[in-house]
1. With respect to L253, is the statement that it is within 16 Å of the chain's Cα centre (by Cα), open to solvent by less than 10 Å² (accessible area, probe 1.4 Å) and under 21 Å from L45 (Cβ atoms) true?
2. For region 210-228, check the following and say yes or no: at least one residue is part of a helix (DSSP H, G or I), under 22 Å from P294 (Cβ atoms) and aromatic (F, W, Y).
3. Residues of region 122-137 being touching a helix residue (DSSP H, G or I) at 6+ places or on another chain (Cβ under 7 Å), within 17 Å of T270 (Cα to Cα) and surrounded by fewer than 23 Cβ atoms within 10 Å (Cβ to Cβ), which ones?
4. Output the qualifying pairs, or none if there are none: Cβ atoms under 7 angstrom, residues six or more apart or on different chains, first residue in region 124-150 and over 17 Å from S9 (Cα atoms), second residue open to solvent by less than 20 Å² (accessible area, probe 1.4 Å) and in a loop (DSSP other than H, G, I, E, B).
5. Tell me whether region 268-282 contains one or more residues that are in contact with a His (Cβ under 9 Å, 6 or more places away or on another chain), part of a helix (DSSP H, G or I) and at pLDDT below 95.
6. Identify all residues within region 8-35 that are open to solvent by less than 40 Å² (accessible area, probe 1.4 Å) and closer than 17 Å to S142 by Cβ; write none if there are none.
7. List the helices (runs of 4 or more DSSP H) inside region 91-206, counting only whole elements, that have at least 1 residues being closer than 22 Å to I227 by Cα, modelled with pLDDT of 95 or more and in contact with an Asp or Glu (Cβ under 7 Å, 6 or more places away or on another chain).
8. I need the full set of residues from region 236-250 which are of a type in the set (V, I, T) and surrounded by fewer than 15 Cβ atoms within 10 Å (Cβ to Cβ), in order please.
Amino acid sequence: MLDAATLDSLAAAFAALGRLHREAPDETALRGFRDLIEDWPLAALEPEGKDSAAGPSNAGPSNAGPSNAGPSNAGLPSAGLPNSGSSSAGPSNPGPSNPAPAGAAAVGEAGTADASTRTRWHGGTDAGRAATGAGMEQIRESARAGETPEEIRRDHDLLYGDTAAARVAPYESVHRGVDGLVFGEATLEVRAAYQALSLQAPKLNQEPDDHIGLEFDFMAQLTLQVIDALYGDDAARAEKLMTHGTDFLRDHLLARAPQMLDLATQHAQTHFMKGVVLLSIGALDSYAELLDLPFERP
């Protein structure tokens, strides 16, 4: 049975991480993400092997979601996937309609509950939860070290090639295609998956659709649509969407992200970007475990 609280936690994590893979945070977003890291919606194992703090003491709503039906006003990062028929709005029916604040503030606003009330989901394997714990600690270390937005932006640029040669290409087609080029077969497959939910890449035909940040954002938007269907008592639609999400996760993110993220952990130079990568590994592990899909790290 699909659980809205679990899906809400996953949507929040994937939305925030999708934005941070797409662009480096500004000062406000960086401060917000650091403040919210203790409320990260997915459970972690600390280095000692103990479970991380389980979130706020009055952890989360006891009933399945808000009093109003579904997360239609929840919002997602504006750098993500817009509706294919509009350049300014999210999916109109169902799904998010208002863009969230820039940067990682989406942690508190991507799902049906904000970070102070969301129930942390304790799923995932020990390895995935350990990656989440290590990622949280890297974000804390980033704050302790006083890493600036400029330093993080430079690292993001060197890592993903925003204005320079990428150390780790963020596009699926580069990692999966025979010739290692962008706009390959994988790009078109990803575009079709977006279109099935009336979504499209923000710079269609200008930048590849299969950026890891966009793929994370797609999983967040799909998950919010599942929650919307659950609150609308449309179990058939919820199951259909989850099947679409399972196929996408298996055939795209899990097919290349483990290798790409492993490379990123080796090449990231700031604690912040290492934290984003490790949190991404943990998030993928959590969703894969929920859907009973194998998540094999290099």
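1. When the stated conditions are applied, L253 does not pass them.
2. Yes.
3. If the condition is that a residue be touching a helix residue (DSSP H, G or I) at 6+ places or on another chain (Cβ under 7 Å), within 17 Å of T270 (Cα to Cα) and surrounded by fewer than 23 Cβ atoms within 10 Å (Cβ to Cβ), then A134, M136 are the ones that fit.
4. Matching pairs, first to second residue: S142/T270; E147/T270; P149/P25.
5. No, because not a single residue in region 268-282 is in contact with a His (Cβ under 9 Å, 6 or more places away or on another chain), part of a helix (DSSP H, G or I) and at pLDDT below 95.
6. The answer is A16, L17, R19, L20, H21, A24, P25, A29, L30, G32, F33.
7. Hits in region 91-206: none.
8. The one that is of a type in the set (V, I, T) and surrounded by fewer than 15 Cβ atoms within 10 Å (Cβ to Cβ): T243.
The values are calculated or read from the model by the stated rules, or taken from the named source; none is laboratory data. Since we're looking at a predicted model, the values are computed, not measured. All Cβ positions, glycine included, derive from the backbone under ideal geometry; neighbour counts span all protein chains shown. All accessible areas refer to the heavy atoms of the entire protein, side chains included, with ligands and DNA or RNA removed. Shrake-Rupley method; radii C 1.70, N 1.55, O 1.52, S 1.80 Å.
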